[in-house]
Amino acid sequence: MAPITECMKGVKFQWTIKAEEGFQQIKEKLTTTPILVLPDFSQPFELHSDASKMGIEDVLSQAGKPVAYFSEKLTGSRVCYSMYDIEFYAVVQAVKHCRHYLFHREFILYTDHDSLRHLYSHVKISARHASWSTYLQQFTFVLKHKAGVTNRVADALSRRVNLLSTMTVQVPGFDSFRELFDSDPYFFEVMAAVRAGENSEFVLVDGFLFWGNQLCVPDSSLRLQIIKEIHGEGHVGRDRTLQLVKASYFWPTIRKEVERDMLKDVGFVNCPKGKRLM
């Protein structure tokens, strides 16, 4: 959505190539799995909220099927909010966005911020918190805590946005690598299955392929660039570098390439397991 909204920010309207790409991606998401389902007002709603320093997201669902999505990039003074306030704000915005589904019926509100369970028990609260609490009191809900690992849908949206934002800034050539998926022997088949709705282990986000929260990287020089970037952040050893790469990225030969590149392409020398490579 960002390239589209950029066309409407107080400047002369100009439909850009990136805006067109974003528009086509939105159409693809709306017509491929998981497709939004119509609400069933005889069944309970579940509202999953999540937040990060980059933005907030929510997913309204029934029986595990999405009814509505919402996301918002943090701007202005909200960028300076504490993490507690960002999580609180995410809950309020989630309820506001879905209020037409939630008025006059009890629902379950999931958040991965445990301290929000006690938001009504504080004796002294700020004016901001008081305003938010007053708004939420119009609704009937049960607030439940789910750790980030289990709050998978909303949390995955948040973590993927953060990863893509970081990659766009730090890795040269990243914007063009979406085109490489179709020429990669392994990911070509995966992409075909995802587009046909036959593979639920992978998901497309803005044209990028994810396995869980791990960004899939097609066969290209970007793999070496990622390994070099991660190793260079802390000059860690081979095993730790592999662990950090696998935490955010996926490709089928990841272990082999980390070991090869650290010994050959990156110019490292072998060293005992767990020791720093010089």
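When region 166-187 is filtered for residues that are at pLDDT 75 or above and loosely packed, with under 14 Cβ neighbours inside 10 Å, the ones remaining, listed by number, are GLU179, ASP182, SER183, PRO185. Close contacts from region 185-197, counting a first residue that is more than 17 Å from ILE35 (Cα to Cα) and a second that is of a type in the set (S, T, N, Q), with Cβ to Cβ under 7 Å and a gap of 6+ residues or different chains, come to VAL190/ASN199. When region 4-24 is filtered for residues that are loosely packed, with under 14 Cβ neighbours inside 10 Å, at pLDDT 75 or above and aliphatic (A, V, I, L, M), only ILE17 remains. Please determine whether any residue of region 25-48 is crowded, with 18+ Cβ neighbours inside 10 Å, under 23 Å from LEU204 (Cβ atoms), in contact with a Phe, Trp or Tyr (Cβ under 7 Å, 6 or more places away or on another chain) and modelled with pLDDT of 80 or more. Yes, region 25-48 contains a residue that is crowded, with 18+ Cβ neighbours inside 10 Å, under 23 Å from LEU204 (Cβ atoms), in contact with a Phe, Trp or Tyr (Cβ under 7 Å, 6 or more places away or on another chain) and modelled with pLDDT of 80 or more. Filtering VAL149, VAL153 for residues that are at pLDDT below 90, of a type in the set (Val, Ile, Thr), surrounded by 17 or more Cβ atoms within 10 Å (Cβ to Cβ) and within 30 Å of LEU209 (Cβ to Cβ) leaves a single hit, VAL153.
Restricting region 98-128 to residues that are at pLDDT below 85 and among the polar types (S, T, N, Q) leaves a set whose member that is surrounded by the most Cβ atoms within 10 Å (Cβ to Cβ) is THR111.
Criterion first (within 19 Å of the chain's Cα centre (by Cα) and farther than 17 Å from PHE141 by Cα) does TYR69 satisfy it? The answer is yes for TYR69.
Quick grid of which residues meet (1) under 20 Å from MET191 (Cβ atoms); (2) β-branched (Val, Ile, Thr):
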| residue | (1), (2) |
| --- | --- |
| PRO218 | yes, no |
| LEU222 | yes, no |
| ILE230 | no, yes |
| GLY237 | no, no |
| TRP251 | yes, no |
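Hey, among VAL79, VAL67, VAL95, which residue is closer than 24 Å to ARG128 by Cα, among the aliphatic types (A, V, I, L, M), crowded, with 18+ Cβ neighbours inside 10 Å and touching a residue at least 12 places away in the same chain (Cβ under 8 Å)? Of the residues listed, the single one that is closer than 24 Å to ARG128 by Cα, among the aliphatic types (A, V, I, L, M), crowded, with 18+ Cβ neighbours inside 10 Å and touching a residue at least 12 places away in the same chain (Cβ under 8 Å) is VAL95.
Hey, could you check region 237-252 for residues that are in contact with a helix residue (DSSP H, G or I) (Cβ under 7 Å, 6 or more places away or on another chain) and not in a helix (DSSP H, G or I) and say which is modelled with the lowest pLDDT? Ranking the qualifying residues of region 237-252, first place goes to TYR249. When region 189-225 is examined, which residues are found to be more than 22 Å from GLN24 (Cβ to Cβ) and either more than 19 Å from the chain's Cα centre (by Cα) or not assigned by TED's automatic domain parsing to the domain that holds ARG178 (or both)? Those that are more than 22 Å from GLN24 (Cβ to Cβ) and either more than 19 Å from the chain's Cα centre (by Cα) or not assigned by TED's automatic domain parsing to the domain that holds ARG178 (or both): GLU189, ASP219, SER220, SER221, LEU222, ARG223, LEU224, GLN225. In region 203-222 there is at least one residue matching the filter, namely being part of a helix (DSSP H, G or I) and out of contact with any Ser or Thr (no Cβ under 8 Å at 6 or more places or on another chain).
The values are calculated or read from the model by the stated rules, or taken from the named source; none is laboratory data. Since we're looking at a predicted model, the values are computed, not measured. In this analysis, Cβ positions are derived from the backbone assuming ideal geometry, glycine residues included, and neighbour counts consider all displayed protein chains.
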